[in-house]
1. Of everything in the stretch B:162-190 that's surrounded by fewer than 22 Cβ atoms within 10 Å (Cβ to Cβ), free of Cβ contacts under 8 Å to residues at least 40 places away in the same chain and over 20 Å from the mean Cα position of the chain (by Cα), which residue is farthest from the other protein chains (Cβ to nearest Cβ)?
2. Of all residues in the stretch A:102-114 being over 14 Å from B:M194 (Cβ atoms) and aliphatic (A, V, I, L, M), which is farthest from the other protein chains (Cβ to nearest Cβ)?
3. Restricted to the stretch A:82-123, and to residues that are open to solvent by less than 50 Å² (accessible area, probe 1.4 Å) and of a type in the set (V, I, T), which residue is farthest from the chain's Cα centre (by Cα)?
4. If I filter the stretch A:213-220 for residues that are open to solvent by 10 Å² or more (accessible area, probe 1.4 Å), within 13 Å of chain B (Cβ to nearest Cβ) and more than 15 Å from A:R84 (Cβ to Cβ), do I get at least one hit?
5. It is to be established whether one or more residues within the stretch B:116-134 are more than 21 Å from the chain's Cα centre (by Cα), without any contact (Cβ under 8 Å) to a residue 60 or more places away in the chain and open to solvent by less than 50 Å² (accessible area, probe 1.4 Å).
6. Please specify each residue of the stretch A:11-38 satisfying the condition of being in contact (Cβ under 8 Å) with a residue 24 or more places away in the chain and among the charged types (D, E, K, R).
7. Would you please name the residue that is farthest from the chain's Cα centre (by Cα), looking only at residues in the stretch A:124-170 that are among the hydrophobic types (A, V, I, L, M, F, W, C), farther than 30 Å from A:L48 by Cβ and open to solvent by less than 20 Å² (accessible area, probe 1.4 Å)?
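The values are calculated or read from the model by the stated rules, or taken from the named source; none is laboratory data. Everything quoted here is computed from the prediction, not taken from an experiment. For neighbour counting, all protein chains shown are included, and Cβ atoms are generated from backbone atoms with ideal geometry for every residue, glycine included. The accessibility values were calculated without ligands, DNA or RNA, using every heavy atom of the protein model including side chains. Shrake-Rupley method; radii C 1.70, N 1.55, O 1.52, S 1.80 Å.
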Amino acid sequence: MLRFNGIYKTFNQNTVNEKRAINDLSLHLRRGDFVTVIGGNGAGKSTLLNLIAGVYSPDSGRILLDGDDITNLPEYRRAKDLGRVFQDPMMGTAANMEIQENLALAYRRGKRRGLRWGITNKEKQIYMEKLNNLGLGLETRMSTKVGLLSGGQRQALTLLMATLQEPKLLLLDEHTAALDPSTAERVLELTQDIVSANNLTTLMVTHNMKQAIQYGNRLIMMYEGNIIFDVSGEEKSNLKVTDLLKKFETVSKGSFANDRMILS
Amino acid sequence: MNLLLSVYGATAQGLTWTIFALGVFITFRILNYADLTCEGSFALGGSISSVFVVGLKLNPILSLFVALLSGLAAGAITGLLHTKLKIPSILSGILTMFGLYSINLRIMGQPNTSLVGNKSLIFMIKDKLPTAAELGIMDFILQTGVVLLVGLIFSLIAIAFLYWFFGTEIGSCIRATGNNDTMVRAQGVNTDMMKIAGLSFSNGLIALAGALVTQTQGYADVGMGQGVIVIGLASIVIGEVLFFKAKNFAIKMLAIMCGSVIYRIIIALILRLGLDTNDMKLFTAIVVALALSIPNMLKNKPLFARKEVKPPINVTKN
């Protein structure tokens with residue numbers, strides 16, 4: 001499905017701020033995998049997602065999606081295969097446009113856009129149904145400007161937009177981190193529902209170890225730009241937060257004391 | 001009577017400038033891009049249109065069309081400078097505007113061109129009508145009437161076209177790009193192309209407006225574009241203030257048309273009160289600065305407040 005072969009990515013190369021974000025990373029995702037990615041600040045989690053999405057291209061190595069080399073494909077050309085939800089709820093939607101207009105943009109992901117009307121009545125029926133499934137009451141507010149929605153509502157809408165055209169791979173970049181705990185919970189439930197309903201291959205970055213264990217069938221822990229722990233199946237479902245902390249403690253040789261990780 | 005006549009003249013002038021304001025609206029409000037190319041492309045349209053009529057003795061309607069095309073190209077250059085060569089947005093516009101000054105001089109071969117004694121668009125239409133004497137009205141009324149109608153027809157065609165275009169799939173993508181280009185890229189759209197297209201359309205309309213203004217006022221000047229962006233913004237802002245409840249895109253554009261007319265009427269009235277013409281630019285600048293800042297001040301934000309510092313958003317407590 002998705003293959004990372006020996007990827008390197010360094011930011012600000014040859015400057016004092018040089019930062020090796022991804023260091024010889026190889027990864028293989030199988031179809032239908034729901035992978036959670038954890039790691040401290042600067043471990044390379046978001047860079048990993050951005051490399052897949054095409055925000056950056058790697059310094060070396062190859063990225064294959066379904067056998068196609070997408071290493072140097074521009075961001076907008078890969079988008080047809082990728083559904084993305086960002087950490088910042090403002091990032092995934094256009095605030096000054098209506099809910100249905102946002103959905104109409106997402107509905108055409110990977111399709112040719114021309115001078116046909118931007119939204120049809122037939123689509124609106126589909127959107128109403130899908131919004132109804134979210135259970136947030138948005139189906140009655142289809143012509144409301146997205147800027148008037150709450151962060152949780154916007155994130156739920158972004159999730160719907162990311163999956164409106166079934167993506168080959170769903171990329172979730174700490175998509176609940178900016179939400180309050182109960183909203184985060186609700187958005188995660190929605191995520192789980194949508195992922196299982198469509199059997200989507202998913203990569204979910206999170207800071208929250210409990211979430212990382214609770215969701216998905218495979219867990220990846222990153223440290224200094226590489227994968228240091230990769231579990232799946234039963235081994236993963238038996239995992240405890242303390243196990244993960246211990247694991248972290250060993251690889252970081254005791255220096256690991258990220259308050260955010262401890263809090264979670 | 002004199003007052004009515006100057007309001008009448010101002011209305012006609014406002015209508016011929018509507019397309020210009022719509023062009024500025026596309027970049028400033030839809031693309032969220034303060035594009036200074038317009039000052040060059042406006043004069044570009046004027047230069048081309050004047051040379052077509054005076055030097056080449058060609059049909060003025062053809063000159064409008066060529067002006068439109070040249071504006072499209074000018075806008076595309078700004079777009080390429082910004083997206084492909086990564087030059088900051090304002091500077092890209094300034095560079096194109098700056099370069100266009102020389103190009104406009106080359107086109108005209110002189111700093112200004114008078115259309116007097118040549119067949120301008122207005123005279124071409126007037127020739128087909130009965131004379132003012134036959135109609136028993138002042139020549140000024142007839143001529144201004146022609147200008148008013150031409151301006152109105154062009155404005156309405158432009159509004160109808162833009163309403164259609166920004167409702168299409170590509171038009172929606174341009175609107176969304178001005179709003180949040182990250183999201184648009186994530187939906188598989190080449191945002192660079194959208195920016196180039198938006199800038200191109202905007203400047204095409206602006207050059208068309210420059211040609212139209214030249215045809216109605218009877219001359220083109222290489223400096224005719226200087227500071228016009230402020231007039232465009234004034235029209236937009238006046239329209240938005242008067243039609244603040246407008247949700248519909250067509251109504252918003254009609255509001256700009258009204259804004260453009262009202263701006264000209266205000267100017268005409270103030271000039272009648274005896275204000276020096278040379279002070280008009282300062283006056284307009286102050287009005288636009290106030291109009292753009294008052295909505296922000298009304299949101300109860302202190303004028304020079306620091307940016308709000310957001311609390312860290314990643315802390316989870318479960």
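1. Step by step, filter the stretch B:162-190, then rank; the result is B:D181.
2. Once the filter is applied, the top-ranked residue is A:L103.
3. Selected residue: A:I119.
4. Narrowing the stretch A:213-220 to residues open to solvent by 10 Å² or more (accessible area, probe 1.4 Å): A:213-218.
With the extra rule that they be within 13 Å of chain B (Cβ to nearest Cβ), the set shrinks to A:213-214.
If we keep only those that are more than 15 Å from A:R84 (Cβ to Cβ) too, we end up with A:213-214.
Yes, there is a match, as at least one residue in the stretch A:213-220 is open to solvent by 10 Å² or more (accessible area, probe 1.4 Å), within 13 Å of chain B (Cβ to nearest Cβ) and more than 15 Å from A:R84 (Cβ to Cβ).
5. Restricting attention to the stretch B:116-134, the residues satisfying the condition of being more than 21 Å from the chain's Cα centre (by Cα) are B:116-120, B:123-134.
Among the residues that remain, those that are also without any contact (Cβ under 8 Å) to a residue 60 or more places away in the chain are: B:117, B:123, B:125-134.
Narrowing further to those that are open to solvent by less than 50 Å² (accessible area, probe 1.4 Å): B:126, B:132.
The answer is yes, given that some residue of the stretch B:116-134 is more than 21 Å from the chain's Cα centre (by Cα), without any contact (Cβ under 8 Å) to a residue 60 or more places away in the chain and open to solvent by less than 50 Å² (accessible area, probe 1.4 Å).
6. Matches in the stretch A:11-38: A:R20, A:D24, A:R30, A:R31, A:D33.
7. A:M142
Conditions (1) within 30 Å of B:A250 (Cα to Cα); (2) at pLDDT 95 or above; (3) among the hydrophobic types (A, V, I, L, M, F, W, C), marked per residue:
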position	(1), (2), (3)
B:L95	no, yes, yes
B:P111	no, no, no
B:K119	no, no, no
B:K126	no, no, no
B:L129	no, no, yes
B:E134	no, no, no
B:V147	yes, no, yes
B:L152	yes, yes, yes
